[in-house]
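Heads up: the structure comes next, in structure tokens.
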Amino acid sequence: MIVVVWIAEIGWRSVVDVARELTPQAEIVLVHVIPGDVEEVVHGAFAGLLGRHRSAPTRVDEAAAEDERQLLAAAAARLDRPATLDQRRGRVEREIVDAAAKADLLVLSRDGDRSRLGPHSLRPHTRFVVDHAPCAVLLVWPGSAPAVDTIPPPPDHAHPPDHPGAPTPHPPPPPHHPPPPG
């Protein structure tokens, strides 16, 4: 069994812990992606300030790569067993889906609103991964999950017509009367 574990800044400890506990015999791949647009924005801003023909300092790229190495090293140490480290660049959601192409399981963390249950607990790139992953997905709450009573109420149109929260129906249109002959 191949398990891909998405190492993102939010929730990486939780996904590593779950992967370690639930898949003791699996081959683990720890994946981190540096967004390609971050480097492009920094390089573009630098070029805008100092001119197109000036190259941006490589320190930004080096700093991002060093942060990635440290994060993956911390994740591997927490996993405490052999793992493949997969460092990627590009569109985060597409790189994670691509990394999961040969996996049996993808483990990832919720990264949005963690104060209540609901769709806002996933940011757009995480929602994309959940919707497009070509394998089973294990979605982990970083820390404790919120209580069930934090689920948002249903929209008003979901109430039956006799429910106190139901919208007031519109009155029927007036009857059509033909004009008198004449």
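Values in this text are rule-based calculations from the coordinates and carry no lab data. As the structure is a computational prediction, the values presented were derived from the model and not from experiment. Every residue, glycine as well, gets a Cβ built from its backbone with ideal geometry; the counts of neighbours run over all protein chains shown.
Rounded to the nearest Hz, the phi-derived 3J(HN,Hα) couplings of region 125-137 under the Karplus curve 6.51 cos²θ - 1.76 cosθ + 1.60 (θ = phi - 60°) are 5, 6, 4, 4, 4, 4, 6, 10, 4, x, 8, 5, 10, where x marks glycine and proline. Using R₀ = 22 Å, calculate the FRET efficiency as 1/(1 + (r/R₀)^6) where r is the Cβ-Cβ separation of THR84 and ALA64; round to 0.05. Efficiency for this residue pair is about 0.60. 3J(HN,Hα) along region 85-100, derived from phi through the Karplus expression 6.51 cos²θ - 1.76 cosθ + 1.60 where θ = phi - 60°, amounts to 9, 10, 9, 10, 10, x, 6, 3, 4, 6, 5, 5, 4, 5, 4, 7 Hz, with x in place of Gly and Pro. Residues whose amide H comes within less than 5 Å of that of LEU138, counting only those at least five positions distant or on another chain, are LEU106, VAL107, LEU108 (H built at 1.01 Å from N in the peptide plane).
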